[in-house]
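Trainee: Next up is a structure, given as structure tokens.
The values are calculated or read from the model by the stated rules, or taken from the named source; none is laboratory data. All of these numbers come straight from a predicted model, not from anything done at the bench. So basically every Cβ, Gly included, is an ideal-geometry build from the backbone, and we count neighbours across all protein chains shown.
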Amino acid sequence: MFDELTARIEDKNVLLLGVGNRSRGDDGVGSYLIKRLQKKVGVPVLDAGDVPENCISRIESSGANMVLIVDAADFNASPGEIALIDFADIKKIGVSTHSANLDLLFKVIPKSRRPETLLVAIQPGFTSTGNGLSEAVRDSLDGLESVFITLFKK
């Protein structure tokens, strides 16, 4: 994943967008990652919570031509597994628990100004209310934090 991500972000102005509901177990992984990265990386970071469409104006004004969305997504893998998914494929394969919101997020941005978008998907173990992160997803969160700090040094 590291090599593919490195190649995809080369010469891009990147914005990191975390999506997720922290009160629903592993669903909150994107939000948790952004919270950890806020003062550790040299690119804009946004925590969208579970309402990513509220970030439209900030995405447009950021000047980013690449948005990396970090979100829990069911892509039939083992909990904690990470996949890079092109934004165009999100709707087709229906992986993200927030795919309808993510689709709306970019439909309202005119195509001429729409940034290239990748989903950094983490397979959740559970998304029930009141649980923290599962061990597998927490391990993936730690790994992604290290990767993003390396890629987006201040």
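Trainee: Those residues that are among the acidic types (Asp, Glu) and modelled with pLDDT under 90, I need them from the stretch 59-80; list them, please.
Mentor: Glu60, Asp74
Trainee: Tally the residues that are free of Cβ contacts under 8 Å to residues at least 60 places away in the same chain, surrounded by fewer than 20 Cβ atoms within 10 Å (Cβ to Cβ) and either aliphatic (A, V, I, L, M) or part of a helix (DSSP H, G or I) (or both), restricting the search to the stretch 8-48.
Mentor: Qualifying residue count for the region: 1.
Trainee: Any chance the stretch 8-16 includes a residue that's in contact with a Phe, Trp or Tyr (Cβ under 6 Å, 6 or more places away or on another chain) and either under 26 Å from Gly125 (Cβ atoms) or modelled with pLDDT of 95 or more (or both)?
Mentor: no
Trainee: Could we say that Asp103 is out of contact with any Leu (no Cβ under 8 Å at 6 or more places or on another chain), at pLDDT below 80 and not β-branched (Val, Ile, Thr) here?
Mentor: Judged against the criteria, Asp103 is a match.
Trainee: Mind telling me which of the residues Ile109, Ile56 ends up being in a loop (DSSP other than H, G, I, E, B), aliphatic (A, V, I, L, M) and at pLDDT below 90?
Mentor: On the way: Ile56 fails: in a loop (DSSP other than H, G, I, E, B).
None of the other options fit; the residue is Ile109.
Trainee: Still on this structure: From Val19, Val70, grab the single residue that is under 12 Å from the mean Cα position of the chain (by Cα) and within 15 Å of Val147 (Cα to Cα). Spell out the reasoning first.
Mentor: On the way: Val19 fails: within 15 Å of Val147 (Cα to Cα).
Val70 is the lone residue from the list that is under 12 Å from the mean Cα position of the chain (by Cα) and within 15 Å of Val147 (Cα to Cα).
Trainee: When you scan the stretch 118-151, how many residues do you find that are of a type in the set (Asp, Glu) and either under 10 Å from Asp27 (Cα atoms) or surrounded by 14 or more Cβ atoms within 10 Å (Cβ to Cβ) (or both)? Reasoning before the result, please.
Mentor: Just the residues of the stretch 118-151 that are of a type in the set (Asp, Glu), to begin with: 135, 139, 142, 145.
If we keep only those that are either under 10 Å from Asp27 (Cα atoms) or surrounded by 14 or more Cβ atoms within 10 Å (Cβ to Cβ) (or both) too, we end up with 145.
Residues flagged as of a type in the set (Asp, Glu) and either under 10 Å from Asp27 (Cα atoms) or surrounded by 14 or more Cβ atoms within 10 Å (Cβ to Cβ) (or both) within the stretch 118-151 amount to 1.
Trainee: Please count how many residues of the stretch 117-140 are modelled with pLDDT of 90 or more and either more than 19 Å from Val14 (Cα to Cα) or among the acidic types (Asp, Glu) (or both).
Mentor: Residues meeting the conditions: 12.
Trainee: If Gly30 satisfies all but one of (1) farther than 21 Å from Asp139 by Cα; (2) modelled with pLDDT of 95 or more; (3) in contact with a Leu (Cβ under 9 Å, 6 or more places away or on another chain), what's the number of the condition it fails?
Mentor: (1) is the only condition that Gly30 fails.
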